[in-house]
Amino acid sequence: MGRILLTGGAGFIGHHLTEHLLTSTDHSIVILDRLDLSGTMNRIEDILLGNPEFRKRLTFVWHDLKAPINEFVERQIGDVEYVLHLAAGSHVDRSITDPMSFVMDNVVGTGNLLEFARLRMKDRLKFLLYFSTDEVFGSAPDGILYKEWDRYNSGNPYSASKAGAEELCVAYANTFNMPIHVTHTMNVIGIRQHPEKFVPLIIRKILLGERLYIHSNAEKTRAGARFYVDVRDVCDAVGFIMNHCGDHCRPLDKFNIVGSEEIDNLSLAMMIAEIMEKPLIYEMVDFHTSRPGHDLRYSLCGEKMGDLGWRPKDLRERLEQIVQWYLSNRNWLFL
């Protein structure tokens, strides 16, 4: 049985990954989180209510990675062998109004974690995964699917800070021969997501009969598009990568985690309305021009993971499950 340090474990993706690892492995999990805008212990409590036996294998440590991990925090963390680094500032709008906070959270925070792994974990470290984003590549022109090692072209301070942290990981792997790997993940959807996020926002607007504004091009004729991927598929992909990297891949590698199909935001909203059997009231809005730093299309190539043997579940099937969960748990929609 190993011990995993999971930063940002009270966040949306982090808590799902915590649940996945507790369910599918015998590892113990140490969550490192500062419980800010995106992290909440309510998610962890939801997991533990259904699985009280998980409490014995779960430890929570409060720490803000803008500060180095000191010996007091280190003692709480204990002897870990695996690190999954998900903690990050992740709101594009806030990164535009306050760029330096994202440099501190994402670049400095990642640097402090890497230094902890390099100096304090030493030979114990078996695997470190940095959770990056599709946004480091910038807006994708039609027909373009970015591969894992393509160039960066950050469109906002958030994505630039993630790219900077990613390059730190590459540098530490190359300089210090550390077992570091990177994922780029498309837009993640799922249960217990903050209601400001697109899928729960759609569900909430439809329930309330309110107008939904769809991010579109300047002419308001074309909605933005993504390869949305369910958080359960993301967790499954992370487990797949952890197993794969043990024996088969080079010391430093990158992996794209991509949904089953590309879909524009209007089609996604219409699909959800159809599942709910309710009308969709919407308006196309030119956010691309009025909100600098927001890209119309993100797109990654999922061929590498497919060739290795991993594929996500069908989008429609996942959306049906997500919608039904929110309809049964409306408090997560703030209703």
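The values are calculated or read from the model by the stated rules, or taken from the named source; none is laboratory data. A quick note: this is a predicted structure, and the numbers were derived from the prediction, not measured. Don't worry about glycine lacking a Cβ; one is built from the backbone with ideal geometry, like all the others, and counts go over all protein chains shown. Please note that ligands, DNA and RNA were not included when accessible areas were found on the heavy atoms of the full protein model with its side chains. Shrake-Rupley method; radii C 1.70, N 1.55, O 1.52, S 1.80 Å.
Of note:
- Residue in segment 2-13 that is of a type in the set (Phe, Trp, Tyr), farther than 20 Å from Met121 by Cα and without any contact (Cβ under 8 Å) to a residue 40 or more places away in the chain present: no
- Selected residue (criterion: nearest to Asn174 (Cα to Cα)) from residues of segment 222-232 that are part of a loop (DSSP other than H, G, I, E, B) and open to solvent by 20 Å² or more (accessible area, probe 1.4 Å): Phe227
Yes or no, residue by residue, for (1) in contact (Cβ under 8 Å) with a residue 40 or more places away in the chain; (2) buried (at least 18 other Cβ atoms within 10 Å of the Cβ); (3) polar (S, T, N, Q):
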| position | (1), (2), (3) |
| --- | --- |
| Ala165 | yes, yes, no |
| Gln193 | yes, yes, yes |
| Glu196 | no, no, no |
| Glu210 | yes, no, no |
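- Test result for Glu135, open to solvent by less than 40 Å² (accessible area, probe 1.4 Å), part of a loop (DSSP other than H, G, I, E, B) and among the acidic types (Asp, Glu): no
- Count - residues of segment 198-207 that are in contact (Cβ under 8 Å) with a residue 60 or more places away in the chain and open to solvent by 40 Å² or more (accessible area, probe 1.4 Å): 4
- Per the conditions (1) touching a residue at least 60 places away in the same chain (Cβ under 8 Å); (2) part of a helix (DSSP H, G or I), the sole criterion not satisfied by Met178 is (2).
- Residues satisfying the criterion are present in segment 61-71 (criterion: open to solvent by 40 Å² or more (accessible area, probe 1.4 Å) and in a helix (DSSP H, G or I)).
- Residues of segment 27-80 that are of a type in the set (D, E, K, R) and under 22 Å from the mean Cα position of the chain (by Cα): Asp33, Arg34, Asp36, Arg43, Glu45, Asp46, Asp64, Lys66.
- Scanning segment 75-90 for residues that are out of contact with any strand residue (DSSP E or B) (no Cβ under 7 Å at 6 or more places or on another chain) and surrounded by 15 or more Cβ atoms within 10 Å (Cβ to Cβ), we see that the one that is nearest to Ile31 (Cα to Cα) is Ala88.
- Qualifying residue in segment 281-299 (condition: of a type in the set (Gly, Ala, Ser), modelled with pLDDT of 95 or more and surrounded by fewer than 18 Cβ atoms within 10 Å (Cβ to Cβ)): no
- Looking only at residues of segment 303-320 that are of a type outside the set (D, E, K, R) and in contact with a Lys or Arg (Cβ under 9 Å, 6 or more places away or on another chain), we find that the one that is least open to solvent (accessible area, probe 1.4 Å) is Met305.
- Just one of (1) within 23 Å of Ile257 (Cα to Cα); (2) of a type in the set (S, T, N, Q); (3) part of a helix (DSSP H, G or I) fails for Asn112. It is (1).
- Pairs with Cβ under 7 Å, 6+ apart, first in segment 233-255 and under 20 Å from Glu19 (Cα atoms) and in a helix (DSSP H, G or I), second open to solvent by 40 Å² or more (accessible area, probe 1.4 Å) and at pLDDT 90 or above: Asp233/Lys313; Cys235/His20; Gly239/His20; Gly239/Ser24
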